[in-house]
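Participant: Before I ask anything, let me first share the structure, which is written out below as structure tokens.
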Amino acid sequence: MNDKLKHFLASAAITLLTLTLFAVIPHGPIYGYDKMIAIAVGMAAAAGKEIVYDKWLGKGTPDFYDFTAGMYGAFAAMFAWAIVETIILILR
């Protein structure tokens with residue numbers, strides 16, 4: 001599997017997991033910010049992997065394009081979630 005695809009899928013999975021947690025756990029005070037927080041968590045995971053694991057710990061090669069693939073994964077997962085959420089609300 002391509003390295004960039006792995007970064008894309010990992011960040012998308014983290015974002016979807018965060019969105020799922022927000023859907024399951026009641027969160028009245030932050031309603032409306034769940035997608036923004038999920039994207040931030042996905043992007044933080046992508047940045048953390050490149051900065052902390054690859055650069056500071058020296059266990060890999062930091063690559064800006066790996067980070068951008070992770071960002072794209074976070075945004076794609078959020079948009080897919082929003083589309084499915086909108087379809088479900090329309091069909092109600």
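Participant: Output yes when any residue across region 45-62 is over 22 Å from ASN2 (Cβ atoms), modelled with pLDDT under 95, surrounded by 18 or more Cβ atoms within 10 Å (Cβ to Cβ) and aliphatic (A, V, I, L, M), and no when none is.
Facilitator: Looking for residues that are over 22 Å from ASN2 (Cβ atoms), modelled with pLDDT under 95, surrounded by 18 or more Cβ atoms within 10 Å (Cβ to Cβ) and aliphatic (A, V, I, L, M), one finds none in region 45-62, hence no.
Participant: Only residues that are in contact (Cβ under 8 Å) with a residue 60 or more places away in the chain and among the hydroxyl-bearing types (Ser, Thr, Tyr): list them for region 28-87, please.
Facilitator: Residues satisfying the conditions are TYR65, TYR72.
Participant: While we're on this one: Suppose we keep only residues that are of a type outside the set (Val, Ile, Thr) and buried (at least 16 other Cβ atoms within 10 Å of the Cβ) within region 10-22. Which one would you say is farthest from ASP66 (Cα to Cα)? Outline the logic, then answer.
Facilitator: We begin by selecting, within region 10-22, every residue of a type outside the set (Val, Ile, Thr); these are 10-13, 16-17, 19, 21-22.
Subset that is buried (at least 16 other Cβ atoms within 10 Å of the Cβ): 10-12, 16, 19, 22.
Values: ALA10: 11, SER11: 11, ALA12: 13, LEU16: 19, LEU19: 22, PHE22: 27 Å.
Across region 10-22, the extreme among qualifying residues is PHE22.
Participant: Quick check on region 26-33. Is at least one of its residues surrounded by fewer than 18 Cβ atoms within 10 Å (Cβ to Cβ), assigned to a helix (DSSP H, G or I), modelled with pLDDT of 90 or more and of a type outside the set (A, V, I, L, M)? Reasoning before the result, please.
Facilitator: Going through region 26-33, the residues surrounded by fewer than 18 Cβ atoms within 10 Å (Cβ to Cβ) turn out to be 26-33.
Checking the rest, the ones that are also assigned to a helix (DSSP H, G or I) come to 28-30.
Checking which are modelled with pLDDT of 90 or more leaves us with none.
No, that holds for no residue.
Participant: Hey, another quick one. Tell me, which residue of region 63-92 that is loosely packed, with under 14 Cβ neighbours inside 10 Å and of a type in the set (A, V, I, L, M) is farthest from LYS35 (Cα to Cα)?
Facilitator: Going through the qualifying residues, I end up with LEU91.
Participant: Right, here's the next one. Checking the structure you have, find out if any residue of region 27-40 is of a type in the set (Gly, Ala, Ser) and in contact with an Asp or Glu (Cβ under 8 Å, 6 or more places away or on another chain).
Facilitator: The answer is no; no qualifying residue exists.
The values are calculated or read from the model by the stated rules, or taken from the named source; none is laboratory data. Keep in mind it's a predicted model, so treat the numbers as computed, not measured. We place every Cβ from the backbone using ideal geometry, glycine too, and count neighbours over all the protein chains shown.
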